[in-house]
Structure formats: C-alpha cells, structure tokens
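Read through the structure below, which is laid out as structure tokens, and then see the notes.
Just so it is clear, none of the values below were taken in a lab; they were calculated from the coordinates. Worth saying up front: this structure is predicted, and the values here are computed from it rather than measured. Backbone-built Cβ (ideal geometry, glycine too); neighbour counts: all protein chains shown.
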Amino acid sequence: MAQYIIRRLFALIPVLIGVSLVVFFLIRMIPGDPVIVMLGERANPQDIERVRREMGLDRPIYIQYIEWMGRVLRGDLGKSILSYTPVMDDLKQRLPGTIEMVVAGLLIGVICGVGIGIISAIKQNSWIDIGSMFAALIGVSMPIYWLALMLIYALAVNRKIFPPSARLDVELTVVRHTGFMLIDTLLMRDLRLFANAVWHLILPSVVLSTTIMPILARLTRSSMLEVMRQDYVRTARAKGLAEQLVIIRHALKNALLPVVTVVGLQLGGLLGGAILTETIFSWPGMGLWTYRAILARDYPIVQAAVLVSATIYVFVNLLVDISYAYLDPRIRYR
C-alpha cells in the first residue's frame with residue numbers, strides 16, 4: 001500500500017503541471033488587458049507600458065510561465081495585479097470559507113443521497129421509491145443558480161428564516177485562529193456565535209449539496225438493488241439475521257464502492273458549484289474571489305485558485321482509491 005501511495009503521489013506531478021499549463025495559457029486568451037482594467041481606458045499609453053513592464057507582462061509568455069512556476073515551487077503565488085497584495089495571504093483568508101461550505105454540502109449530499117437511495121431500494125416500486133427518484137430527476141435537471149435565487153427569495157427575503165448572505169451577522173466579530181468559522185467560534189466557547197455561523201452556513205451548503213445528492217440517490221438505489229440479489233445476501237437472510245443487519249453489514253458496504261468513486265469524481269462539481277453559490281450568497285470564499293479575479297483579468301489569483309482546486313481534487317481521488325481496500329477486502333494494491 002505504501003509503495004502504491006508513493007507512486008500515485010509522483011504521478012500527480014505531471015497532472016498538476018498540465019493543469020498549470022492549461023490555466024496559465026487559457027487565462028491569457030480571454031479578451032482584455034489587466035493593466036487597462038487597473039489603470040482605466042483613459043490612461044496614458046506611456047503609463048500602461050511602464051506598468052506592463054514592471055509586472056513582467058511584456059516578456060514572452062513562456063518566460064512568464066517559467067518565472068511563475070519557479071515562484072510557485074518556492075511557495076510564492078505572486079501578487080494580485082489589482083490590489084498588489086500577496087495572493088497567498090488572500091488565499092489563506094478565502095480558502096477556509098470554501099472548504100467549510102464544500103464539506104458541509106458534501107456531508108448533506110452524501111447523507112441524504114445515500115439514505116434516500118437505500119430507502120428507495122428497500123421500498124422498490126413503492127410510491128416512496130417513485131417519488132424519491134422523480135425528485136432526484138428534478139434535482140439533477142435544476143440549475144444551481146436558479147435554486148439558490150429561489151431559496152433566497154422564499155426563505156431569506158420573504159420568510160426571513162435564514163440569512164441571505166455572509167458567514168456571520170455584521171454586528172458579530174470572531175477572533176480568527178484557523179479561518180474556519182465553526183472552529184473559531186467553538187474555540188471562543190461562544191455557542192451564540194457558533195449557532196449564528198451554522199445558521200449562515202445552512203442555506204448555501206444545502207444549495208451546493210443538490211449538485212451531488214440526486215446522483216448519489218440514484219446510484220445508491222441501483223447499486224443496492226444489484227447487491228441485494230447476490231447469493232451472500234440470500235445466505236445471510238437464510239441464516240435468520242435481522243433485515244436491518246443484512247442491509248447494513250452485508251449489502252450496504254459492498255454497494256458503497258461505486259458510490260465512493262462518484263463522490264470523489266463529483267468533488268470537482270462541488271468546487272465548480274461553489275463559484276456560483278458563493279457569488280449568489282456573497283460568501284467570502286475562494287469561489288467569489290476567483291469570479292471577481294476573472295472579471296478583472298487578475299492572472300495570479302485565477303492561476304492560484306485553479307491550481308489549489310486541482311490539487312485538492314487529485315488528493316481526494318487518491319483517498320478514494322485507498323478507501324477501496326477497506327470497502328472491498330478483495331482489492332489489494334501492490
């Protein structure tokens with residue numbers, strides 16, 4: 001297992017280099033000049049050339065890439081073109097908010113999706129099964145931005161049940177230790193602040209969970225139905241085991257293998273959906289930060305955000321591969 005993990009870690013290097021190449025060159029193909037965005041369209045041409053020279057944007061693009069990769073390997077992601085602040089400092093401020101929302105959305109999506117799939121498989125062809133799969137079909141078809149706007153209008157603007165934006169009420173302050181609002185409020189031992197942070201997190205995380213919940217529900221149902229027809233499940237029932245024990249111990253564990261695979265693959269969808277979700281909810285995370293950087297042609301921020309997202313994605317899929325050996329003892333990595 002250790003040798004397999006080491007080989008996979010080395011295999012990640014060309015993947016991340018490929019991602020860096022794609023994002024570096026594609027972002028520069030977007031129409032617009034970041035220097036003009038920063039100085040304004042009425043700026044003096046001499047000032048534009050001077051700033052472009054100071055930022056190194058007048059050099060050949062391959063030279064810019066080599067210099068940027070050299071800084072990245074040293075842990076320096078560069079400076080924002082607009083604010084001229086270190087990108088690493090901004091990333092440390094923004095990344096915890098995105099991770100907090102993505103993890104909450106992932107937990108809600110996995111728990112609800114897998115739970116609905118199990119119930120649908122047990123109650124096959126019942127009204128519960130038909131209704132659940134119909135709801136899953138609607139969830140797959142529904143754009144995340146439309147659902148977010150409708151929930152904000154219904155539950156935040158109209159009913160005022162949930163807050164429409166931000167991670168905490170304006171009048172409340174939290175001492176930042178980790179950047180994760182839930183952890184920092186617990187470290188302060190203030191349950192009122194913790195409850196307020198959770199209340200702000202519910203609506204965006206529920207919206208984000210809809211990108212994965214319907215897929216997991218349908219996949220879990222089909223996987224459970226296939227496993228429950230196997231001989232070892234019939235043998236467990238013939239031995240007189242309780243139905244709940246048969247489902248949880250024998251059927252569910254073997255049915256989770258394709259589900260775990262899809263969870264790892266869908267992480268990219270969650271990170272992509274976070275951009276829309278954070279933008280609509282004004283959530284101060286990496287998604288909103290990246291969206292504003294794309295509009296401003298802020299190359300260093302976009303490059304850093306995509307590289308970090310790709311790194312998270314490939315490492316999560318490595319963890320998914322490792323989990324196979326636990327879920328299915330027949331799988332061994334040599």
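By how many degrees, 0 to 90 and rounded to 10, does the Cα axis of helix 127-141 deviate from the longest principal axis of the chain?
So the inclination is approximately 10 degrees.
Could you state the angle between the C-alpha long axis of helix 213-227 and the longest principal axis of the C-alpha atoms of the chain, as a value from 0 to 90 degrees rounded to the nearest 10?
30 degrees
Hey, could you grab the Kirkwood Rh for the range 191-256? Inverse mean 1/r over distinct alpha carbon pairs, Å, one decimal.
Taking the inverse mean of 1/r over all distinct Cα pairs, the range 191-256 comes out at 14.5 Å.
Quick check: the angle from helix 45-54's long axis to the longest principal axis of the chain, C-alpha only, nearest 10 degrees?
Between the helix axis and the principal axis of the chain, the angle is about 60 degrees.
What residues have an amide H closer than 5 Å to that of Lys79, excluding those fewer than 5 places away on the same chain, when H is modeled at 1.01 Å from N in the peptide plane?
Excluding prolines and chain starts, which carry no amide H, the hits are Val87.
Expressed as a whole number of Å, what is the distance separating the alpha-carbon centroids of the range 1-37 and the range 117-176?
33 Å
I'd like the Karplus ³J(HN,Hα) series for the range 176-181: coefficients 6.51, -1.76, 1.60, θ = phi - 60°, whole numbers in Hz, and an x wherever there's a Gly or Pro.
Per-residue couplings from phi come out as 7, 10, 10, x, 8, 4 Hz.
D for the range 51-164, whole µm²/s, Stokes-Einstein with Kirkwood Rh over alpha-carbon pairs at 37 °C and 0.692 mPa s: what number?
Values: Rh = 19.1 Å.
Result for D is 172 µm²/s.
Once you've got the GNM for the chain with C-alpha springs shorter than 10 Å, pick whichever of Val103, Val320, Val37 has the biggest mean-square fluctuation.
Of Val103, Val320, Val37, the Gaussian network model singles out Val37 as fluctuating most.
Report the trypsin sites (Lys or Arg not before Pro) located in the range 73-160 that are in a DSSP loop and have at most 11 other Cβ atoms inside 10 Å of their Cβ, or state none. Spell out each step's value before the answer.
Numbers: sites: Arg74, Lys79, Lys92, Arg94, Lys123, Arg159, Lys160; in loops: Arg74, Lys123, Arg159, Lys160.
Within the range 73-160, the qualifying trypsin sites (Lys or Arg not before Pro) (loop, at most 11 other Cβ atoms within 10 Å) are Arg74, Arg159, Lys160.
Given the rule -39500 (n - 2.57) for each run of at least 4 DSSP H residues, summed and divided by the residues of the chain, what is its mean residue ellipticity at 222 nm, to the nearest 500 deg cm²/dmol? Don't skip to the end; give the middle numbers.
Numbers: 14 runs with 231 residues, N = 334.
Estimated from H runs of four or more residues: -23000 deg cm²/dmol.
Read phi for every residue in the range 257-268 and hand back ³J(HN,Hα) as whole Hz from Karplus 6.51 cos²θ - 1.76 cosθ + 1.60, θ = phi - 60°, with x for Gly and Pro.
Here the 3J(HN,Hα) series is 4, x, 5, 4, 4, 5, 4, x, 5, 7, 4, x Hz.
Just the Cα atoms of the chain, one point each, no solvent: what log10 I(q)/I(0) does Debye give at q = 0.10, 0.11, 0.14 Å⁻¹?
Debye curve over Cα of the chain, log10 I(q)/I(0) at q = 0.10, 0.11, 0.14 Å⁻¹: -0.76, -0.89, -1.23.
Please list log₁₀ I(q)/I(0) at q = 0.30 Å⁻¹ for the range 168-228, using the Debye equation with identical point scatterers on the alpha-carbon positions.
Relative scattering, expressed as log10 I(q)/I(0), comes to -1.16.
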